[in-house]
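Novice: Just passing along the structure, written as structure tokens.
FYI, it's all coordinate maths here, none of it is from the lab. Predicted model, so just to flag it, every value in this text is computed and none were measured. Every residue, glycine among them, receives a Cβ derived from its backbone with ideal geometry; neighbour counts consider all protein chains shown.
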């Protein structure tokens, strides 16, 4: 335990670790001190002056973001001097601010707007022409910059220097001509550039993929997990009317701090862009769900010597619960099973993992270890009658391994191919049965990241068309095949997963919570 | 690119300092002294040399008004515009220079000979309105003999003729 000191903030006794800054000690005690430039995961700049507080025995107001707590310190955050100072800071910040909130994308989540209401005067005494800057500056692949909205807090500059370590941004020029800018000919293009938008306290930096798509107050926020790679960054999913509009990172000091990569941030885009499979198919023709399930059950069923040789290809993008039921299906059909890898690029030393799936560790925990290629090769060689594939992207022409090729060969060779598919574009024409599966955002469950942390992914949309969750599809097939009544609620299936994977024992479904929980049996092995 | 001699000089300054980046201002001056301004290639070279991002060099370079990011004319005429010079008619002088050179403030003559700039106090108030070219002051460009300020064509022409 770190050494602590006791201080008084607004007549309240507060204990805080030594070397903590006053603003943080106050925040943890529930006392809000307004700020723009301070950020708990960046260095202290102390330039916005919004967090000025009165400290007894200090000759003048001090900025709470850079002054450390000391024993016996007495702080006032609401004295007349402090309120006057805040109003003064607000007045100065707004002198050259365009006040274009009605056309500004930040409206609704803008500190300038919020603090103007709380600490500003409501009117301006400034009678002269404002200093105008360029608007709509194309700063990078994902970033648009509005010069005149910027309050020069330098959070974005510090992010690029300290977190992404790419150093693209700097404060250029001087005085009222100061702007954030890049070196001539350079751009703000790094793998984490979207974070500058999140930390920009005003509407100066906006994300091309989100700007003007929706007012933030129309969007519903759901805490979830990014499906883009094995890191499992904690995110907030912003959705409206069954459509995801953006991901923003959600704080989890153990996983992603408060950051996420651009690729993960935009990983919802294919969900919007790709054409969904909205109904079951049999031999390429739309059918009733019940008929498709019956056919799948019949193909897998069979008895005695007529029992088909079944091969199952699991998906590291499915949840732990989905995979627990798939494991049961493997057991019921004595199937041979495998799991594909979706890898690209390299791990970096911040967040990005080359494994582009969120739950490979979960799959391994449930025994899906063999490379899919082995199962597919057996199928292509005629050693498998019925191939059951959980993720149509296995057939993707983009798959860089030879898995995609093997999968297409296997599809042509086997007697029957059954596929869970969410999108139309990659479903192989040979499939006997295609079952429409819910996509990310439509289901709830658990992912286990590469470090062995179980985290909860949550639904923020209704399922599209007649699609069903993997859980619903698998339990329906099981029922028709006569394997009994399988649970189909994630919390119930969790118990089945516990029976299959010892490391989960003692951890309840709800224990996973919002911050996740470490599973002792680590899933990763290369 | 700057000469090997200047490169070595910059290296020797940087290597003596606790932080190499602290050599920034001296290095920018040396580059400008040699080339006349600090071109983008030299900024990037310097960033690598000092272990900072090119944007960090740009930040310093753009902060100081005496550093030049663009090439200027062979000579730069600074016209002082602070109070004593303003009272003694620096605007008349500026007008006259603009017309004589056919350029606006901050611009360079088409023959790349002269750049015209406005300065804050040059410290030559005793001979206001004062003009600085290179390291030299030039004064009494106004004829004040009749009690009203009037640009002395002869003196301005004489000055411009010297700047070849």
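Novice: Please list log₁₀ I(q)/I(0) at q = 0.17, 0.24, 0.27 Å⁻¹ for region A:1-69, using the Debye equation with identical point scatterers on the alpha-carbon positions.
Specialist: -0.58, -1.14, -1.37
Novice: Another one. With no solvent and one point per C-alpha, what does the Debye sum give as log10 I(q)/I(0) for chain B at q = 0.08, 0.14, 0.21 Å⁻¹?
Specialist: For chain B, the Cα-only Debye profile gives -0.32, -0.78, -1.23.
Novice: If one takes the longest principal axis of the Cα atoms in chain A, at what angle in degrees, from 0 to 90 and to the nearest 10, does the Cα axis of helix A:403-413 lie?
Specialist: In chain A, helix A:403-413 runs at an angle near 30 degrees to the longest axis.
Novice: Starting at 0 and stepping by 10 Å, how many percent of the alpha carbon pairs of region A:420-491 end up in each bin?
Specialist: 18, 40, 34, 8
Novice: Continuing with the same structure: Return the average number of partner chain Cβ atoms within 10 angstrom of each residue Cβ along peptide B:50-58.
Specialist: For this peptide, the per-residue mean of nearby foreign Cβ atoms is 6.
Novice: Test of understanding: in a Gaussian network model of chain B with alpha carbons linked when under 10 Å, which of B:120, B:135, B:42 would top the mean-square fluctuation ranking?
Specialist: Among B:120, B:135, B:42, the largest GNM mean-square fluctuation belongs to B:135.
Novice: Over region B:9-80, calculate the relative contact order: mean separation of alpha carbon pairs under 8 Å at least 6 apart, over the residue count, as a percent.
Specialist: Result for region B:9-80 is 30 percent.
Novice: Another question, if that's okay. Quick check on chain A: take the gyration tensor over C-alpha atoms, sort the square-rooted eigenvalues as a ≥ b ≥ c, and tell me if it's rounded (a/c under 1.5), prolate or oblate.
Specialist: It is prolate, given that a/c is not under 1.5 and a/b is the larger ratio.
Novice: Between residue A:3 and residue A:346, what is the label-point separation in nm under the 7 Å Cα-to-beta-carbon projection?
Specialist: 4.3
Novice: Once the principal axes of the Cα atoms of region A:157-262 are found, what is the range along each, listed largest first in whole angstroms?
Specialist: The principal-axis extents, from largest down, are 45, 30, 22 Å.
Novice: Quick one: helix A:470-480 against the long Cα principal axis of chain A, what's the angle to the nearest 10°, folded into 0 to 90?
Specialist: So the inclination is approximately 20 degrees.
Novice: How high is the relative contact order of chain A, in percent, with contacts defined as C-alpha pairs under 8 Å that are six or more residues apart?
Specialist: Computed over chain A, the figure is 11 percent.
Novice: Within 10 Å of each Cβ in A:162-175, how many Cβ atoms from other chains are there, averaged over the peptide?
Specialist: Per-residue shielding by partner chains comes out at 4.
Novice: Where Rh denotes the Kirkwood radius from the mean inverse Cα pair distance, what is Rg over Rh for region A:207-250?
Specialist: Looking at region A:207-250, the ratio lands at 0.98.
Novice: If you don't mind, there's one more thing I want to ask. When Cβ neighbours within 10 Å are restricted to other protein chains, what is their mean count per residue of peptide B:34-46?
Specialist: 1
Novice: Can you tell me the FRET efficiency between residue A:402 and residue A:254 if r is taken as the Cβ-Cβ distance and R0 is 60 Å, rounded to the nearest 0.05?
Specialist: After rounding, the FRET efficiency stands at 0.95.
Novice: Could you please state, rounded to a whole Å, how far the C-alpha centre of region A:293-350 is from the C-alpha centre of region B:59-119?
Specialist: Comparing the Cα centres of region A:293-350 and region B:59-119, I get a distance of 76 Å.
Novice: Looking at chain A only, what percent of DSSP beta bridges run antiparallel? Nearest 5 please.
Specialist: Here the share of antiparallel DSSP bridges comes out near 70 percent.
Novice: If you don't mind, another one. Below 8 Å between Cα atoms, with a sequence gap of 6+, how large is the relative contact order for chain B in percent?
Specialist: Reported relative contact order: 17 percent.
Novice: For chain B, modelled as a GNM with alpha-carbon contacts under 10 angstrom, which of B:38, B:52, B:133 fluctuates the most?
Specialist: Ranking B:38, B:52, B:133 by mean-square fluctuation puts B:52 first.
Novice: Where does region A:175-227 land on the Kirkwood hydrodynamic radius, alpha-carbon pairs, in angstrom?
Specialist: Radius from the Kirkwood sum: 14.0 Å.
Novice: Another question about this same structure. Which of the three applies to region B:75-163, rounded, prolate or oblate, going by the alpha-carbon gyration tensor with a ≥ b ≥ c and a/c under 1.5 meaning rounded?
Specialist: Prolate shape, in that a/c is at least 1.5 and a/b is the bigger ratio.
Novice: Could you give the alpha-carbon Rg of region B:4-63 over 2.2 N^0.38 Å, rounded to two decimals?
Specialist: 0.99
Novice: Let me ask something else about it. Is it possible to state the helix-based mean residue ellipticity at 222 nm for the protein assembly as shown, with each DSSP H run of 4+ residues giving -39500 (n - 2.57), the sum divided by total residues, to the nearest 500 deg cm²/dmol? What is it?
Specialist: Result for the protein assembly as shown: -8500 deg cm²/dmol, rounded to the nearest 500.
Novice: Once both labels are modelled 7 Å past Cα along the beta-carbon direction, what's the residue A:10-residue A:273 spacing in nm?
Specialist: Those two pseudo-labels are separated by 4.7 nm.
Novice: What angle, in degrees between 0 and 90 and rounded to the nearest 10, separates the Cα long axis of helix B:4-16 from the longest principal axis of the Cα atoms of chain B?
Specialist: The angle comes out at about 70 degrees.
Novice: By the gyration tensor of its Cα atoms, with a ≥ b ≥ c the square roots of the eigenvalues, what is the shape of region A:337-494: rounded for a/c under 1.5, prolate for a/b over b/c, or oblate?
Specialist: oblate
Novice: As a test, work out the antiparallel percent of DSSP beta bridges whose residues both lie in region B:75-163, rounded to the nearest 5.
Specialist: 60
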